[in-house]
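K.L.:
Here you go, one structure.
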Amino acid sequence: MLFSLLACTSSPAPAGSLDLRATATALAERGALRWPAEDLPLDWMQTVWAYGVWSLHQDWTQDYARDWMADNLGRFEGQEPASFNSSDSMSPALLASLLMAEDSSLQLTPITDAAHAYLAVAPTTEAGAYEHWGPGSVFGEVGEVWIDSQFMIGMFLLAEYDRTHDLAYLETWAEQYELFSMHCRDPADQLYRHAWSDLDQANIPVEAVYWNRGNSWVLVSAAEYLSRVDPGSPGWDRIQPLFEAHASAALAYQAEDGLWHTVLNHPEDPANYTETSGSALIAHALHRGLASGALEGAAYEEAVGAAALGVLDRVDPDTLVVEGASFGTNPGDYEYYVGILQLDDIILGVGTVVLFLNDVGEVTP
């Protein structure tokens, strides 16, 4: 079956096209009622949700994101301000940075300052890659790099570039991406294992097992970086070949339902389910790559269209419940990944679907 993506124009949508932005907005509106900004904790799942809501760029969505930051701002002020202790915990600073990039009158710097203070003391591998757990975390400093950090830290660095126009943030992002690729990318398969143990000098898992959502974190962050640099620039020439190879490798594992299995490279196992959140993020990265010119070709366009319909199939049209997103996941082996629960209406799953569907806009079966 063929799918065509529709360019965003002011002309009426062709007959038979599906308005993905309307679905994204409806999901965001329902989610905002379920998860009021004043009740939203500061953590990584909430960051993914709020980033999806923010991406709609409607007045109410920006107010929602501002309210979330404002309701937590006081924790980072005073004589004993709150601090971050992992790449996950610092991820909400992304929203503070994005909001200040849009409105310089906002005073959310205590939150972004706390993120920078964390990065200043965060442990790194011997090569210099940021480890996942930092000082004060319940797990201690265990010497592990997780590819999740490519989103949790990487997206903050890109937002700080948007806010300050300081090229040093782009350079730090590129250095970290190359280090994470050195630690976690399999040069034969061009896909990423979940983690690297600097203590053991080994990947987790050791086997060639590639977790869907982890690979999506890397792809989304790289697609966003490439949307900020010019083709042919040194940064583009360093990152685009790695991104394209990664995207091509992921493309090969797209399932018949338009999504990707929770372990990308074992589609033959019935227990290896197709997963909503990582699939939405992979397809979002492909779409962003096409928009920037980092990716080209009908195969990617059709993959995004197929993924859009596959993601829509995970949204109950009557209740707007998003189905089939996996819960938080630590580095493990194959059996561990396929055993992670799929949940309906989980906040990170809704956020990824809002982000992807809004970005694509329209699709024609």
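The values are calculated or read from the model by the stated rules, or taken from the named source; none is laboratory data. In this text the structure is predicted, and so the values were computed from the model without any measurement. Glycine also receives a Cβ, built like all others from the backbone with ideal geometry; neighbour counts cover every protein chain displayed.
K.L.:
Report yes if some residue within region 125-132 is over 30 Å from Q201 (Cβ atoms) and either modelled with pLDDT of 95 or more or crowded, with 21+ Cβ neighbours inside 10 Å (or both); otherwise report no.
P.N.:
No, region 125-132 contains no residue that is over 30 Å from Q201 (Cβ atoms) and either modelled with pLDDT of 95 or more or crowded, with 21+ Cβ neighbours inside 10 Å (or both).
K.L.:
Ok, one more. Which residues, counting only those in region 63-94, are over 30 Å from G143 (Cα atoms), part of a loop (DSSP other than H, G, I, E, B) and either at pLDDT 95 or above or touching a Pro at 6+ places or on another chain (Cβ under 7 Å) (or both)?
P.N.:
Of everything in region 63-94, just one residue is over 30 Å from G143 (Cα atoms), part of a loop (DSSP other than H, G, I, E, B) and either at pLDDT 95 or above or touching a Pro at 6+ places or on another chain (Cβ under 7 Å) (or both), namely E77.
K.L.:
Continuing with this model, one more query. Looking for something of a type in the set (S, T, Y), outside any helix (DSSP H, G or I) and touching a strand residue (DSSP E or B) at 6+ places or on another chain (Cβ under 7 Å) - is there at least one such residue anywhere in region 305-320?
P.N.:
For region 305-320, residues of a type in the set (S, T, Y), outside any helix (DSSP H, G or I) and touching a strand residue (DSSP E or B) at 6+ places or on another chain (Cβ under 7 Å): absent.
K.L.:
Same structure again: Working only within region 268-295, note down all residues that are over 13 Å from S216 (Cα atoms) and among the polar types (S, T, N, Q).
P.N.:
N272, T274, S292
K.L.:
Taking region 170-190 on its own, how many of its residues are closer than 15 Å to T124 by Cβ and out of contact with any helix residue (DSSP H, G or I) (no Cβ under 9 Å at 6 or more places or on another chain)?
P.N.:
Looking only at that region, the number is 4.
K.L.:
Inspect region 41-55 for any residue being more than 24 Å from R21 (Cα to Cα), among the hydrophobic types (A, V, I, L, M, F, W, C) and free of Cβ contacts under 8 Å to residues at least 40 places away in the same chain and give the result as yes or no.
P.N.:
No - not one qualifying residue is present in region 41-55.
K.L.:
While we're looking at this one, here's another question. Is there a residue in region 111-121 that is touching a residue at least 24 places away in the same chain (Cβ under 8 Å) and β-branched (V, I, T)?
P.N.:
For region 111-121, residues touching a residue at least 24 places away in the same chain (Cβ under 8 Å) and β-branched (V, I, T): present.
K.L.:
So which of A250, A294 is out of contact with any strand residue (DSSP E or B) (no Cβ under 8 Å at 6 or more places or on another chain) and not aromatic (F, W, Y)?
P.N.:
Result: A294 is the single residue among A250, A294 that is out of contact with any strand residue (DSSP E or B) (no Cβ under 8 Å at 6 or more places or on another chain) and not aromatic (F, W, Y).
K.L.:
Regarding D359, is this residue of a type in the set (D, E, K, R), under 30 Å from A202 (Cα atoms) and touching a helix residue (DSSP H, G or I) at 6+ places or on another chain (Cβ under 9 Å)?
P.N.:
So D359 fails the test.
K.L.:
Given (1) closer than 26 Å to A245 by Cα; (2) out of contact with any strand residue (DSSP E or B) (no Cβ under 7 Å at 6 or more places or on another chain), identify the lone condition not met by M100.
P.N.:
The single condition M100 does not satisfy is (1).
K.L.:
How many residues does region 324-344 contain that are surrounded by fewer than 17 Cβ atoms within 10 Å (Cβ to Cβ), over 14 Å from R213 (Cβ atoms) and touching a strand residue (DSSP E or B) at 6+ places or on another chain (Cβ under 8 Å)?
P.N.:
Within region 324-344, residues that are surrounded by fewer than 17 Cβ atoms within 10 Å (Cβ to Cβ), over 14 Å from R213 (Cβ atoms) and touching a strand residue (DSSP E or B) at 6+ places or on another chain (Cβ under 8 Å) number 1.
K.L.:
Only one of A298, A303, A291 is of a type outside the set (S, T, Y), buried (at least 21 other Cβ atoms within 10 Å of the Cβ) and at pLDDT 95 or above. Can you tell me which?
P.N.:
Answer to the check: A303.
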